[in-house]
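Read through the structure below, which is laid out as structure tokens, and then see the notes.
The values are calculated or read from the model by the stated rules, or taken from the named source; none is laboratory data. Source: prediction; values computed, not measured. A quick note on method: Cβ atoms are made from the backbone with ideal geometry, for glycine too, and the neighbour counts reach across all protein chains shown. With ligands, DNA and RNA removed, areas are computed over all heavy atoms of the protein, side chains included. Shrake-Rupley method; radii C 1.70, N 1.55, O 1.52, S 1.80 Å.
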Amino acid sequence: MTSILVLNGPNINLLGTRQPEVYGKTTLSQIETTCRATAAELGVELAFRQSNHEGVMIDEIHAARGVHDGIVLNAGAYTHTSIALMDAIASVELPAIEIHLSNVHAREPFRHVSYISKVSIGIICGFGPASYPLALRAMAGHLGVTA
Ligand code: DQA
């Protein structure tokens, strides 16, 4: 069965209480529940992870090779800084979709830069928690899953 890894980066664990005016009040656990329902509907397996540590995220990406077929990545602030995460995605040669809850391009200029975009097949941002199921559907479509 096709398997998709959803990987979340720093501070995403605080969703629900973190700057609700920017990120809303939905928790990461609620987003995971929605993702699991979407994955079941699409007929794909789902792994859902979060880490505040760049190295742990890199290890997760390395471990995804041969296990998962695609990666949906909300790298949080590492999106704008991490050449190491970009290299990790490029190294495992798995399709990746960059996602954000907020529309990073409507925010501060430092959020307009993304190292992850350079190694992603596409980007979904600005739809709040709905960015996640949208990305799962996009990845399933990219992988040829028909449901
Ligand atoms: C974010 C956007 C990033 O700029 C920010 O650092 C985050 C969250 C988002 O989902 O909107 O931590 O990735």
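Touching a residue at least 40 places away in the same chain (Cβ under 8 Å), more than 13 Å from the ligand (Cβ to nearest atom) and out of contact with any Asp or Glu (no Cβ under 7 Å at 6 or more places or on another chain): does that describe HIS142? Taking the combined requirement at face value, the residue satisfies it. Of everything in segment 49-78 that's among the charged types (D, E, K, R) and within 16 Å of the ligand (Cβ to nearest atom), which residue is most open to solvent (accessible area, probe 1.4 Å)? Filtering segment 49-78 for residues that are among the charged types (D, E, K, R) and within 16 Å of the ligand (Cβ to nearest atom), the one most open to solvent (accessible area, probe 1.4 Å) comes out as ARG49. You will find that of ASN13, ASN8, the residue that is within 16 Å of the ligand (Cβ to nearest atom) and touching a residue at least 60 places away in the same chain (Cβ under 8 Å) is ASN8 and no other. Residues of segment 100-133 that are surrounded by 17 or more Cβ atoms within 10 Å (Cβ to Cβ), without any contact (Cβ under 8 Å) to a residue 60 or more places away in the chain and not in a loop (DSSP other than H, G, I, E, B): HIS100, VAL104, ARG111, VAL119, ILE123, ILE124, CYS125, SER131. Using the structure shown, decide if LEU46 is modelled with pLDDT of 95 or more, closer than 23 Å to LEU134 by Cβ and away from the ligand (no atom under 16 Å from the Cβ). So LEU46 fits the description; yes.
Note on segment 89-121: residues that are within 10 Å of the ligand (Cβ to nearest atom) and among the charged types (D, E, K, R) total 4. Is one or more of the residues making up segment 79-99 of a type in the set (Val, Ile, Thr), open to solvent by 30 Å² or more (accessible area, probe 1.4 Å), free of Cβ contacts under 8 Å to residues at least 60 places away in the same chain and in a helix (DSSP H, G or I)? So far as segment 79-99 goes, yes, one or more of its residues are of a type in the set (Val, Ile, Thr), open to solvent by 30 Å² or more (accessible area, probe 1.4 Å), free of Cβ contacts under 8 Å to residues at least 60 places away in the same chain and in a helix (DSSP H, G or I).
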